[in-house]
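Reading through the structure tokens given below for one structure.
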Amino acid sequence: MSNDPSMDNDRRKWLIATSAVGGVGAAAAIYPFVASFEPSERAKAAGAAVEIDISGMKPDEMRMVEWRGKPVWVVRRTPEQVAELSKIDSELADPDSLRNQAELTPSYAQNQWRSINPEYLVVVGICTHLGCSPSAKFEAGAQPSLPNTWPGGFLCPCHGSTFDLAGRVFKNKPAPDNMEVPPHMYLSDTKIVIGDDKKA
């Protein structure tokens, strides 16, 4: 057995170097396993439920959250806007949301407000014509591209489709259907979950 101290130093250096390389290799090998616990991008896109806080929302205010890559709008309607919804049925293409009912309007939103709580509208902010995003036009009355009797709602600037403040499409417009009401539920008076309506 050699007593040469330089030999021990060499062995020590090799031992440290090979241990370091082995540690890096082990970390690289285990990373995919650990990463597999994270939801995939596909799973995220598939649409995990999201929460939106509506505390402090003022009447006539709109907030937005993204769900399944789509904008979901929550609108707090004024009492006057809620009352107006029952007066314009004759101007709407599908006032009772009967077309594509199962796809576009959950059973708890099959009413004139298209919502659980008449004060709050929860709707996917996409026009049912070609997928454009309408603009909020909440102020009633005559405005550019809108009739003099405009009750307030949404205007799709691409092809002129108009929707009321329940997301119902007006007659003789390119959009064939009312805007989609996503599955949702209230966790409390101030929190809504978008993408899940199955209460535990």
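With respect to Ser55, determine if the residue is at pLDDT below 95 and either within 26 Å of Cys158 (Cα to Cα) or not in a loop (DSSP other than H, G, I, E, B) (or both). Spelling it out, it is not the case that Ser55 is at pLDDT below 95 and either within 26 Å of Cys158 (Cα to Cα) or not in a loop (DSSP other than H, G, I, E, B) (or both).
Looking at Ala166, Ala175, can you tell me which residue is touching a strand residue (DSSP E or B) at 6+ places or on another chain (Cβ under 7 Å) and farther than 16 Å from Arg63 by Cα?
On the way: Ala166 fails: farther than 16 Å from Arg63 by Cα.
Every option except Ala175 fails the conditions.
Taken together, the residues in the stretch 166-184 that are at pLDDT below 95 and aliphatic (A, V, I, L, M) amount to 1.
Of everything in the stretch 119-131 that's crowded, with 16+ Cβ neighbours inside 10 Å and out of contact with any Ser or Thr (no Cβ under 7 Å at 6 or more places or on another chain), which residue is nearest to Pro106 (Cα to Cα)?
Val123
In summary, Pro118 fulfils each of the numbered conditions (1) outside any helix (DSSP H, G or I); (2) closer than 17 Å to Ser161 by Cα with the single exception of condition (2). Filtered by the rule that a residue be of a type in the set (Ser, Thr, Tyr) and either in contact with a helix residue (DSSP H, G or I) (Cβ under 6 Å, 6 or more places away or on another chain) or over 24 Å from Pro59 (Cβ atoms) (or both), the stretch 127-153 gives Thr128, Ser145.
Residues are listed down the side, and each one gets a yes or a no for (1) of a type in the set (D, E, K, R); (2) touching a Gly at 6+ places or on another chain (Cβ under 7 Å):
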{"residue": "Cys127", "(1), (2)": "no, no"}
{"residue": "Ser133", "(1), (2)": "no, yes"}
{"residue": "Glu139", "(1), (2)": "yes, yes"}
{"residue": "Arg168", "(1), (2)": "yes, no"}
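Residues of the stretch 188-200 being of a type in the set (A, V, I, L, M) and in a loop (DSSP other than H, G, I, E, B), which ones? Scanning the stretch 188-200 gives a single hit, Ala200. When residues in the stretch 45-104 are screened for being among the acidic types (Asp, Glu) and closer than 18 Å to Asp164 by Cβ, 8 of them pass.
Considering (1) modelled with pLDDT of 95 or more; (2) under 20 Å from Arg68 (Cα atoms), the lone condition that Phe163 does not fulfil carries the number (2). A single member of Ala140, Ala102, Ala109, Ala83 is in contact (Cβ under 8 Å) with a residue 40 or more places away in the chain and surrounded by fewer than 17 Cβ atoms within 10 Å (Cβ to Cβ), and it is Ala140. From the list Val122, Val82, the one residue that fits, being closer than 22 Å to Ser188 by Cβ and in contact with a strand residue (DSSP E or B) (Cβ under 7 Å, 6 or more places away or on another chain), is Val122.
The values are calculated or read from the model by the stated rules, or taken from the named source; none is laboratory data. Because the structure is predicted, anything quoted here is derived from the model rather than measured. Glycine also receives a Cβ, built like all others from the backbone with ideal geometry; neighbour counts cover every protein chain displayed.
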